[in-house]
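K.L.:
Let me begin by handing over the structure; questions about it come next.
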Amino acid sequence: MTAVDRPSAPPVRIHAETRKWVGKSIRRVEDPKFLRGRGGYIADLVTPGTLHAAVLRSPHPHARIASIDTAAAVALAGVHAVITGAQAAELTGPLPDFGPDPANHPWRCLAVDKVRYVGEGVAVAVADSRYLAEDALGLIDVEYEPLPPVVDPEAALADGAPLVHETLGTNCAYERTFDFGEVDRDFAQADVIVKDRLRWHRSGGQPLETVGAIADYDHATGELTVHTNSLSFTSYLFMAAATLKIPANKLDVRQVPAGGSFGSKLFVTKPLVIAGMCSRAVGQPVVFLEDRVDNMSNCDHHGSDRVYEVELAMMRDGTMRGLKIDTIDDYGAYIQFGVGHHGNALAQVVGPYMIDSVRYRVRAVLTNKNQQGAYRGFGSEVNNWMLEQMVDKAARELDLDPVEIRRRNFIREFPHFIPSGNVYDSGDYDTVLDKALALSEYDHWRAEQAKARAEGRHIGIGLITAQERSVFSATEFWFWFDEPGAPVTSMPESVTLKVDATGGITATLYSCAFWGNSPETMVAQLVAEEFDCDPHDVAIVYQGCKNGLPATGPGGSRTTVMLAGAVEGATAKIKAKALRAAAHLLEADPDDLEWVDGGYQIKGVPEQRKSLADIAVMLHLFKHSFPDDMESGLEDSKVFDHPYTTMPSADRKDLGVFYPFMGHACHVPVVEVDTETGGVRILSYAAVHDCGTLVNPRSLAGHIVGGTAQGIGTAFYEEFVYDDDGQLLSSSYLDYLIPSAMEVPELAIGPG
Amino acid sequence: MTEKHRITVTVNGRAHRAEVEPRTLLVDFLRDELGLKGTHIGCEHGVCGTCTVLLDGRSIRSCITFAVQADQAQIRTVEGLASGPDLHPLQDEFWNKQGLQCGYCTPGMLMRACEILEQNPDPTPEQVREGIASNLCRCTGYQFITEAVVAAAGRMRDEQPWDPTRPTAATTVSEERP
């Protein structure tokens, strides 16, 4: 056990037993505009007269930039400016970077003195159209002096390896080993040590819409307005203002719907900065929209790329004791989010199993590749895969059934603090497993498997029982350091609710707009639940970062919890004022009133009531009908801070609570492998998830199918392949294979 | 400057005359010249199907088609599906079944689904899957899209006979651009 005192259990919410809207699979409020082709995505907002920027990308993985000649490009009719990396470095500062020691691996919107991966931008051309901007790129003459690339992450750690960043003096951007619990004791007492070396290759979100930004710098006011499909970490956008060398209160970043993200639009500042820099330089609105090759080679959001050496200490009866994880993670040329990916892993490092001790060693390595960012799970999903591989291997070595070894180790008492310090608030893993086994017809398939084997066919049955953490805390980005530079703790989310004079409700959101999740539907359902209205009658608007309330946006599976907290808080404030107003209008004591069906009424006297509309019209228009201290209007906001974060211990033997809500899932795929061709056919796929309270079950089911499709892609088809020379071989959808409807099976989806 | 070509393209029943550079892509012509932003750009190399429109009744990738290749053609885009306040049965069933998440592939998927149902008004789910395999969706895993297309097919056969070649009220006006 660790030396720290455990904090109290996370907050338990008591939900109303009967709900009108929460839990209903209503049609999404966002959809009509998308169905009509009126989504208003970033590319749709480009107006005539807007100039277009295009970025010249490096064909070399590692090379010094000897010279850049832009004269011919600048001379082309219709070209307004060409800005090289060196010029950009005078116009802008380094990009916002949460990584370790950023001063020694500075990251800029364009490469300055050398390029560090294929696809890194070296210059940007601004022209009347995208066509002309790309013509201009063809006229830029860059002289490169190629350097030997470093591609393999293990080779990158060897003495004498070429350095991605000379000033850093090493390609190891970060290394740390954490010990949680009595690791050596548990391994010494174990009957069997199961060992494996595992490799998780690089894939990524690849939403069908790339990242883009439309920037409009006003020299009269010094204000820069940017529309972009990547507004998140709203409260941290002052860092982008610093990059652009403008005051934070002169930057307004406004959110627009995004055509998918899966993490890859999380805090993407490079297109924003490029467009902003160009607009300021030419004095006109400028749009920069990544094309597909930009996005695949230069999006800064490739997924995890890990080598694992793992040891699982087991007793002969199948009991798990301890876990040693040694991972090398290939971050590419920069490390913008530090090793937060491994913070995600540590939130659920032991999965759903009773494992007493964990040693976690991570080495974050820099290579000549596009850098890592976020991809669905942010590194936690890789830990899930690694752990389930180890559990299956242990089952084979101990001759145990894969179901049985999991049952023998499930955590069954909650709240449960895992060795890293994080908490599992609740769960019922046996029930999820039972439901998944039934839904998947597990016994049937085991029989089919045996029958097929006798016929020389090969059917495999997969089984995973895994965790899905929810609501990240900022601590996971800095508990890696004994003396963190910026031990921030705020990751809030805000909502403003306004009841107009007719009783209509508008909710204002302050972070990322819609990006395929459905924040508007979710908020509308929650508002409808609180105020007894129709969710399709709730209006949702967004406020950009300027003059907006504190907000963070999606990421770390937090949106529903955080927006729900903000809606609940704003509702409480509005209802308190409405109650007081109703009591005044009804000449009654507030304690004698109750909220029933969209209004306040005297308990037991339903005819003595004021609807929300009755109250709202009075508060908006009849100030003198109320006591002097009552202000006009009916509007309020809630800044909802993280509901439950605890600090790491000074010795980092306990990292505190940083992901306080833990979902659980069991998936059972059945596949047949053609051993001659290697072809895999999915015969059946069942998934059961326990997510707690559901707002819109069909939306969740859609995300389970979609997430599973991406998992199938990662397992069978998708990979960012860099060859030994550092060239990106899969830089189009001809080579980076996204599963089509023929590769994704029909899923059986069960409730938890 | 490259010489421009005069083309006439009929989009959702309206004839448009325009002068375009030979290299202008059809998707850019639709979006930038005609203001029809519903046809989206995804991969820009003809793989993902996001830019799918119907050209003389057949689905094509407008990101790898030049506007001049559409001269004298009839084009249908997502903007031609709904009739005023009334959604097309495919749109309505995509809404009912949550056959979309981010919505970016949706216009292309809807146009491809139109073509599938015009060729086979009563497809099995397997036939729908094979049909929409031309178009990538990164969000949904295709399950609810398949359900939506099958459901719309049923409505279009039984409840709301719908002739895709018949101009709707919204598309009968002939408008010529100078």
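The values are calculated or read from the model by the stated rules, or taken from the named source; none is laboratory data. Model, not experiment: these values are computed from the prediction. All Cβ positions, even for glycine, are placed from backbone atoms using ideal geometry, and neighbour counts span all protein chains on display. In case anyone asks, the SASA skips ligands and DNA or RNA and just uses the protein heavy atoms, side chains included. Shrake-Rupley method; radii C 1.70, N 1.55, O 1.52, S 1.80 Å.
K.L.:
Which members of segment A:385-432 meet the condition of being open to solvent by 10 Å² or more (accessible area, probe 1.4 Å) and at positive phi?
P.N.:
Within segment A:385-432, A:Asp399, A:Gly427 meet the criteria.
K.L.:
Let me spell it out: the conditions are (1) open to solvent by less than 50 Å² (accessible area, probe 1.4 Å); (2) farther than 23 Å from A:Gly303 by Cβ; (3) away from chain B (no Cβ under 12 Å); (4) within 24 Å of the chain's Cα centre (by Cα), and A:Leu694 meets all of them except one. Which number is the exception?
P.N.:
(1)
K.L.:
Another question, then. Anything in segment B:94-141 that is within 7 Å of another protein chain (Cβ to nearest Cβ), outside any helix (DSSP H, G or I) and in contact (Cβ under 8 Å) with a residue 60 or more places away in the chain? List them, or say none.
P.N.:
B:Tyr104, B:Cys105, B:Leu136
K.L.:
Is it the case that some residue within segment A:532-542 is touching a residue at least 24 places away in the same chain (Cβ under 8 Å), closer than 18 Å to A:Ser232 by Cβ, surrounded by 23 or more Cβ atoms within 10 Å (Cβ to Cβ) and in contact with a Ser or Thr (Cβ under 9 Å, 6 or more places away or on another chain)?
P.N.:
Scanning segment A:532-542 turns up no residue that is touching a residue at least 24 places away in the same chain (Cβ under 8 Å), closer than 18 Å to A:Ser232 by Cβ, surrounded by 23 or more Cβ atoms within 10 Å (Cβ to Cβ) and in contact with a Ser or Thr (Cβ under 9 Å, 6 or more places away or on another chain).
K.L.:
Could I ask something else about it? Would you mind telling me which numbered condition in (1) on the phi < 0 side of the Ramachandran plot; (2) crowded, with 21+ Cβ neighbours inside 10 Å; (3) at pLDDT 95 or above A:Glu455 fails?
P.N.:
A:Glu455 satisfies all of (1) on the phi < 0 side of the Ramachandran plot; (2) crowded, with 21+ Cβ neighbours inside 10 Å; (3) at pLDDT 95 or above except (2).
K.L.:
Would you check which residues across segment A:478-509 are in contact with a helix residue (DSSP H, G or I) (Cβ under 6 Å, 6 or more places away or on another chain) and buried (at least 23 other Cβ atoms within 10 Å of the Cβ) and list them?
P.N.:
A:Met491, A:Glu493, A:Ser494, A:Val495, A:Leu497, A:Val499, A:Ile505, A:Ala507
K.L.:
When you look at B:Thr10, is it more than 14 Å from every other protein chain (Cβ to nearest Cβ), of a type in the set (Ser, Thr, Tyr) and either over 22 Å from B:Asn135 (Cβ atoms) or open to solvent by 30 Å² or more (accessible area, probe 1.4 Å) (or both), yes or no?
P.N.:
yes
K.L.:
Let me ask something else. Just to confirm my filter: which strands (runs of 3 or more DSSP E) fall fully inside segment A:460-576 and include at least 3 residues that are in contact with a Pro (Cβ under 9 Å, 6 or more places away or on another chain)?
P.N.:
A:464-470
K.L.:
In segment A:368-383, is there at least one residue being assigned to a helix (DSSP H, G or I) and of a type in the set (A, V, I, L, M, F, W, C)?
P.N.:
yes
K.L.:
So how many residues does segment B:13-32 have that are in a loop (DSSP other than H, G, I, E, B) and open to solvent by less than 30 Å² (accessible area, probe 1.4 Å)?
P.N.:
1
K.L.:
Okay, moving on. Among the residues of segment B:49-89, write down those that are closer than 18 Å to B:Ala153 by Cα, at the interface with chain A (Cβ under 9 Å from one of its Cβ atoms) and not in a loop (DSSP other than H, G, I, E, B).
P.N.:
B:Val78, the sole residue that qualifies.
K.L.:
Being open to solvent by less than 40 Å² (accessible area, probe 1.4 Å) and more than 19 Å from B:Asn96 (Cβ to Cβ) is the filter; apply it to segment B:135-178 and report the residue that is modelled with the lowest pLDDT.
P.N.:
Within segment B:135-178, the match that is modelled with the lowest pLDDT is B:Thr171.
K.L.:
Being open to solvent by less than 20 Å² (accessible area, probe 1.4 Å), of a type in the set (Val, Ile, Thr) and out of contact with any helix residue (DSSP H, G or I) (no Cβ under 6 Å at 6 or more places or on another chain) is true for just one of A:Thr521, A:Thr571. Which residue is that?
P.N.:
A:Thr521
K.L.:
For segment A:305-328, name all the residues that are open to solvent by 10 Å² or more (accessible area, probe 1.4 Å) and either farther than 23 Å from A:Arg176 by Cα or not acidic (Asp, Glu) (or both).
P.N.:
Correct list: A:Met315, A:Arg316, A:Asp317, A:Thr319, A:Arg321, A:Lys324, A:Ile328.
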